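Data first, discussion second: the structure below is written as C-alpha cells.
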Amino acid sequence: MEGSFAVVEEFLNSVGAQSVLPAFRQNAIDDDVLPLLTEDSLKSLGLPLGIQLRIWNGLQKRFHSTEVEKEESGKASMRRRQSAGQQGDIEDDQEEEEEEDVERSSRAKLLPQRRRRSNSMDVRGADEPRRQPNFFKRWLPTFVIIAAFTPLLVYLAVNVIEDAIDGLTNYVFVTVAFLVVGVVVLLCAMTQSIWWAYLQGTSPVEYFGALCAEKPVLNF
C-alpha cells in the first residue's frame with residue numbers, strides 16, 4: 001500500500017503540499033488516480049486555494065504537458081490543413097475568376113458584332129415599312145382599265161359631239177357612254193381596293209373573306 005502512494009508523496013513534496021498527504025491517503029488517491037485529478041476534484045477535497053493551485057500547476061507540468069503538446073500540435077496541424085484548404089479554395093476561386101474573365105472577354109468581343117447585326121436588322125426593318133409603292137404602281141389597275149376602255153369612250157364621245165354639232169341628240173350613244181363610264185368607275189374602285197390590299201400583304205382570298213364578313217374590316 002505504501003508503494004502505491006510513493007509517487008503521490010514525492011509529487012506533493014515537489015510542489016510544497018506535503019501537508020495534504022493524509023487527505024490524499026484518506027480519499028485513496030494513489031499513483032494511478034493522481035494523473036486523473038481535475039480542478040473540481042481538488043475543490044471537492046476541501047483543500048486551501050493556494051494548495052489547490054500548487055497541486056494543479058504541478059499536475060499540469062508533470063502529467064498534462066504531453067497532452068497539451070499533443071493538443072497544440074493537433075490544433076497546429078488542423079490550422080495547417082485549414083490554411084491549405086483555404087489556399088486550395090483561393091486557387092479554385094482564382095481559376096474560376098480567370099475562366100469568367102475569359103468568358104466575359106469573349107462575350108465582349110461578340111457583343112459589338114451582335115449589336116451591329118441587330119442594328120442592321122433594325123434598320124432594314126425600319127426601312128421596310130417606309131418603302132411605299134410609287135404613284136404609278138399604286139394606281140396601276142386604274143391606268144390599265146382606263147387604257148382598255150379608252151377607245152370605246154373616245155368613239156362614243158366623238159359620236160355624241162358630232163350629233164350635237166348637227167343639232168341632234170343620239171340618246172343611244174349618250175346612254176351607252178354613261179353606262180361605260182359607270183362600269184369603268186366601278187371596275188377601277190373594285191380592282192384598286194383589291195390591289196391596295198395586295199400591296200399591304202393581303203391576298204385576294206383574304207380580302208373577299210373579310211369583305212363577306214358580318215362586320216367587314218379592311219385596312220389598306
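The values are calculated or read from the model by the stated rules, or taken from the named source; none is laboratory data. This one's a predicted model, so the numbers in the text were calculated from it and none came from an experiment. Note that each Cβ is placed from the backbone with ideal geometry, even for glycine, and that neighbours are counted across all protein chains shown.
Residue 162 - would you say it is at pLDDT 65 or above and either within 32 Å of the chain's Cα centre (by Cα) or outside any helix (DSSP H, G or I) (or both)? Considered against the rule, which asks whether it is at pLDDT 65 or above and either within 32 Å of the chain's Cα centre (by Cα) or outside any helix (DSSP H, G or I) (or both), residue 162 comes out as no. For region 165-189, taking the residues that are more than 30 Å from residue 139 (Cβ to Cβ) and at pLDDT below 80, the one that is surrounded by the most Cβ atoms within 10 Å (Cβ to Cβ) is identified as 170. Taking into account only those residues within region 6-19 that are outside any loop (DSSP other than H, G, I, E, B) and small (Gly, Ala, Ser), which is nearest to residue 62 (Cα to Cα)? The qualifying residue nearest to residue 62 (Cα to Cα) is 14.
Could you grab me the full set of residues in region 191-205 that are assigned to a helix (DSSP H, G or I) and either surrounded by 13 or more Cβ atoms within 10 Å (Cβ to Cβ) or not assigned by TED's automatic domain parsing to the domain that holds residue 147 (or both)? Across region 191-205, the qualifying residues are 191, 192, 193, 194, 195, 196, 197, 198, 199.
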